[in-house]
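Read through the structure below, which is laid out as structure tokens, and then see the notes.
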């Protein structure tokens, strides 16, 4: 099977098991403060696991775009150097929200893998959770017994907490899991070493293909576990690894997922893949990274110097550096790969086609910028090396290397490479110390300690009534304590709220809640997943009582007007510059607005004047708002 057919078979199989097939969520996360990128298939369903969002479909399947380049799940250093780690990858998954559990998940996994895909069951090993005394979770006897009906016990391994207890982060939904591993080795190797001994031992030919997570706990801030409201199934199968196994390859990069891109790189560089290890690594890095970059831009994340944009910029620059050093690319080349990628994946992910021109232009501009940085950095490094040699030394100081890295964006590995070529080295220990100190400064500045939610009133969701009311009677449903920069704050969730939570670029509302005995200032309102969270420095004394919630109407109305203006501005920009213009961010506050958008060139003075004229004419028209479905926020 080719890769597109493999994906199609997976989705059709679970459709036959009464699963709703849903689209991939964006890879770039906008409304979850705990994540920058979707790093697992379960991210978009997190609120369902926690009980914050009503469950519409109890059975769901999808192919989710994921990115793992930061935080707990970070595979960046392995990418290109081994055969199976990636930055961006697809996660095939099937989900049960309070419906089926271990029995169906295991039986269907076996049916798909062996009966439908035809994988050799003698090469399959599974692992089950051995239990944890510290968490009070016993050995998963149920999963073990279910697997015994399909596999000999010699192919069932007891796994530890690291491998067989899945957690998305430090807190949140979690549970024991059962992994399926596949042995890709030749028969001669299998005869000498038992595959069971190589499971979860980082052997590139005995790999985890599918992880069945039995989600039944919530990890609290104090480290303890509490049962989730319902038991769920959360599975994730690495699409690229599955293709490797089904296509009889020894590397993900040898499958048709990556080969079209690698062939294009080889064509552009006039270098044949498979003849030199360093060049092969460079090609694999570039083939992997172009996917991560293109999908991120398609999902609305332009490379930048902050947060998620900085991560994407670093990925792009890492790829350019490999091309520059090992494939002799001295002019932009990454942008030429976008057509190949769009042709390959556009049918499954139409956002690649829709944003193809934008992706191409943004990547080309980023490449041009960084290639100038490379040239500048090399000149600066030559000055550092000359200074070091004049002083009789052969070791570039970690401080100098860090300045090149931090101030000029010059990669440390390129500094080391050029130093070696000049019979010099870099004081990496001192560089790492400088880097660690910078990270500690940033971490301390942004450190937030968040307590667990304490429930006062049980609610399934918090209703927003601010479209019609700017004050109403409310009750506090839950609260928690938050410490940031040495300051103690409280976050409150109401049963309903007139306060608009920071979203869509618009800042959160301010105001107060009051009862007969007290008045509590609300200094900000945020959106966290599906909850509207109200920030205050004072915890109400009568948490179980009724309060009157009052929004600062003057600031709210000013923000609402400016929010409407962003939509008018977006429409005018598309009319003047073209339909490719996409909003990439905004800031809407009472005093004004900022609107970020994508365009290939600098906007001319005449174009700006025309945009201004169109927006002002729309405002003066004072059009009547017509609400067809739902409500417009004005």
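What is the one condition in (1) touching a residue at least 60 places away in the same chain (Cβ under 8 Å); (2) outside the structural domain of residue 535 (by TED's automatic domain parsing); (3) within 29 Å of residue 496 (Cβ to Cβ) that residue 565 does not satisfy?
So the condition that residue 565 fails would be (1).
Being closer than 22 Å to residue 348 by Cβ and at pLDDT below 85: is that true of residue 27 here?
no
From the list 369, 397, pick out the single residue that is over 26 Å from the mean Cα position of the chain (by Cα) and either in the same structural domain as residue 223 (by TED's automatic domain parsing) or on the phi < 0 side of the Ramachandran plot (or both).
Testing whether each residue is over 26 Å from the mean Cα position of the chain (by Cα) and either in the same structural domain as residue 223 (by TED's automatic domain parsing) or on the phi < 0 side of the Ramachandran plot (or both) leaves just 397.
Quick check on residue 526: is it out of contact with any helix residue (DSSP H, G or I) (no Cβ under 6 Å at 6 or more places or on another chain), under 24 Å from residue 566 (Cα atoms) and assigned to a strand (DSSP E or B)?
yes
Residue under question is residue 511, and the condition is that it be within 30 Å of residue 618 (Cα to Cα), outside the structural domain of residue 582 (by TED's automatic domain parsing) and touching a helix residue (DSSP H, G or I) at 6+ places or on another chain (Cβ under 9 Å); does it hold?
no
Exactly one condition in (1) at pLDDT below 95; (2) under 29 Å from residue 54 (Cβ atoms); (3) surrounded by fewer than 14 Cβ atoms within 10 Å (Cβ to Cβ) is not met by residue 103; state its number.
Going through (1) at pLDDT below 95; (2) under 29 Å from residue 54 (Cβ atoms); (3) surrounded by fewer than 14 Cβ atoms within 10 Å (Cβ to Cβ) one by one, residue 103 breaks only (1).
Since residue 135 meets every condition but one in (1) touching a strand residue (DSSP E or B) at 6+ places or on another chain (Cβ under 8 Å); (2) modelled with pLDDT under 95; (3) buried (at least 19 other Cβ atoms within 10 Å of the Cβ), which condition does it not meet?
That leaves (3) as the condition not met.
What do you reckon, is residue 549 surrounded by 15 or more Cβ atoms within 10 Å (Cβ to Cβ) and either assigned to a helix (DSSP H, G or I) or out of contact with any strand residue (DSSP E or B) (no Cβ under 6 Å at 6 or more places or on another chain) (or both)?
Spelling it out, it is not the case that residue 549 is surrounded by 15 or more Cβ atoms within 10 Å (Cβ to Cβ) and either assigned to a helix (DSSP H, G or I) or out of contact with any strand residue (DSSP E or B) (no Cβ under 6 Å at 6 or more places or on another chain) (or both).
When segment 600-624 is examined, which residues are found to be under 28 Å from residue 296 (Cβ atoms) and free of Cβ contacts under 8 Å to residues at least 24 places away in the same chain?
The answer is 601, 602.
Please work out which one of (1) touching a residue at least 60 places away in the same chain (Cβ under 8 Å); (2) within 29 Å of the chain's Cα centre (by Cα); (3) farther than 30 Å from residue 312 by Cβ; (4) in a strand (DSSP E or B) is the condition residue 91 fails and give its number.
Against the list (1) touching a residue at least 60 places away in the same chain (Cβ under 8 Å); (2) within 29 Å of the chain's Cα centre (by Cα); (3) farther than 30 Å from residue 312 by Cβ; (4) in a strand (DSSP E or B), residue 91 comes up short only on (3).
The conditions are (1) assigned to a helix (DSSP H, G or I); (2) in contact with a helix residue (DSSP H, G or I) (Cβ under 8 Å, 6 or more places away or on another chain); (3) at pLDDT 90 or above, and residue 386 fails exactly one of them. Which is it?
The single condition residue 386 does not satisfy is (2).
Restrict the check to segment 319-334 and report whether at least one residue is within 21 Å of the chain's Cα centre (by Cα), within 15 Å of residue 414 (Cβ to Cβ) and either part of a loop (DSSP other than H, G, I, E, B) or not assigned by TED's automatic domain parsing to the domain that holds residue 67 (or both).
yes
Do we have any residue at all in segment 440-452 that's touching a strand residue (DSSP E or B) at 6+ places or on another chain (Cβ under 9 Å), outside any helix (DSSP H, G or I), surrounded by fewer than 17 Cβ atoms within 10 Å (Cβ to Cβ) and modelled with pLDDT of 90 or more?
The answer is no; no qualifying residue exists.
May I ask you to verify whether residue 556 is within 30 Å of residue 465 (Cβ to Cβ), under 35 Å from the mean Cα position of the chain (by Cα) and part of a helix (DSSP H, G or I)?
So residue 556 passes the test.
Among the residues of segment 94-136, count how many are at positive phi and within 27 Å of the chain's Cα centre (by Cα).
Going through segment 94-136 one residue at a time, the tally reaches 1.
Rundown of residues vs (1) loosely packed, with under 15 Cβ neighbours inside 10 Å; (2) farther than 29 Å from residue 110 by Cβ, yes/no style:
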position: 193; (1), (2): yes, no
position: 213; (1), (2): no, no
position: 216; (1), (2): no, no
position: 223; (1), (2): yes, yes
position: 236; (1), (2): no, no
position: 251; (1), (2): no, no
position: 263; (1), (2): yes, yes
position: 269; (1), (2): no, yes
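The values are calculated or read from the model by the stated rules, or taken from the named source; none is laboratory data. Small disclaimer: the values here were computed from a predicted structure and weren't measured. Note that we place each Cβ from the backbone using ideal geometry, even for glycine, and neighbour counts take in every protein chain shown.
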